[in-house]
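Engineer: Dumping the structure here so I can ask a few things about it.
The values are calculated or read from the model by the stated rules, or taken from the named source; none is laboratory data. Values in this document were obtained by computation on a predicted structure and should not be read as measured data. These accessible areas exclude ligands, DNA and RNA; they are computed on the full protein's heavy atoms, side chains included. Shrake-Rupley method; radii C 1.70, N 1.55, O 1.52, S 1.80 Å.
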Amino acid sequence: MKYTVLIFDQDGTIADTLPLIAQAVINSYKSLTNKLLTQNEVMATFGISEEGIMNRLFPAMPEEAFKTYLEQYEQLH
């Protein structure tokens, strides 16, 4: 059998990236609102995708927030 695509979840499997994701969310929130979120506040939003987190935190501008999140996430790497 030949596979053309293989998809798997890396978070916590190959690398523990949850703290990195949380920090990118914290940085994005600070950048867009000039307010701080705690790591616990961010972790409470986990369980949905990063896009879902940005929709929840920034209902008026989820696309801009997600773009900012991706920039922050890349910088942290």
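Engineer: To the nearest 10 degrees, how steeply does helix 18-33 sit against the main Cα axis of the chain, on a 0 to 90 scale?
Structural biologist: That works out to roughly 30 degrees.
Engineer: Quote the relative contact order of the chain in percent (integer), defining contacts as alpha-carbon pairs under 8 Å separated by 6+ residues.
Structural biologist: 31
Engineer: Go through [x] 6.3; [y] 4.7; [z] 5.9 and flag the label whose value is the computed mean projected area of the Cα convex hull in nm² for this structure.
Structural biologist: So the calculated entry is the one marked [x].
Engineer: Quick one: angle between helix 62-76 and the longest Cα principal axis of the chain, in degrees between 0 and 90, rounded to 10, please.
Structural biologist: Between the helix axis and the principal axis of the chain, the angle is about 70 degrees.
Engineer: Right, here's the next one. Any chance you could look up the accessible area of Met43 with a 1.4 Å probe, heavy atoms only, rounded to 10 Å²?
Structural biologist: My reading of the accessible area for Met43 is about 80 Å².
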